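Values in this text are rule-based calculations from the coordinates and carry no lab data. Quick caveat, the model's predicted, so the values are computed rather than measured. Virtual Cβ from ideal backbone geometry, glycine too; neighbours counted across all protein chains shown.
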Amino acid sequence: MGDELIEFNEDAVAVVESHNLAEIVKPFVREIWLFDSHVAGTTHLDDQSVLETIAVGDVLILRREDNRHDSNAILVLNRKKQKLGYVPKKDNAVFARLMDAGKLLQAKVAEIEHRKNYTLIKIGVYLIDL
């Protein structure tokens with residue numbers, strides 16, 4: 001590498017400066033399906049209207065929560081970071097370990113059923129691999 005010249009490419013710099021990092025690496029991102037589940041706790045939301053803000057195909061945010069009832073608790077949030085519920089306790093142990101190890105997980109809405117007393121939101125859980 002000593003004294004050779006490196007060509008300066010203004011086009012590449014312009015692309016990097018005019019886009020956020022997520023847009024640049026997006027072509028290299030893989031979503032790896034892990035599991036199908038549902039959102040638990042939708043009946044306990046203070047504001048049920050948040051359930052009307054989601055649609056099939058929406059990407060949901062998964063975030064670990066410090067929770068005295070479940071040490072593996074994973075919150076499910078919409079894009080506005082409003083709480084929709086949780087990954088069910090019976091399903092969350094492996095996902096919590098992955099997230100605690102620094103892995104990025106997200107969910108996608110697969111199906112929505114509005115029932116008498118609650119809304120059933122079926123989700124797929126995905127590992128985001130860069």
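Some notes on this structure:
- Pick from region 101-113, criterion in contact (Cβ under 8 Å) with a residue 24 or more places away in the chain and farther than 14 Å from Ser37 by Cα, ranking: farthest from the chain's Cα centre (by Cα): Lys103
- Among the conditions (1) surrounded by fewer than 12 Cβ atoms within 10 Å (Cβ to Cβ); (2) within 14 Å of the chain's Cα centre (by Cα); (3) not charged (D, E, K, R), Val56 misses just one, which is (2).
- The condition of being assigned to a helix (DSSP H, G or I), farther than 11 Å from Ile121 by Cα and of a type in the set (Phe, Trp, Tyr) holds for only one of Phe35, Phe95, that being Phe95.
- Of the residues making up region 90-111, those that are surrounded by fewer than 17 Cβ atoms within 10 Å (Cβ to Cβ) and β-branched (Val, Ile, Thr) number 1.
- Filtered residues of region 62-76 (kept if in a strand (DSSP E or B) and surrounded by fewer than 17 Cβ atoms within 10 Å (Cβ to Cβ)): Arg63, Arg64
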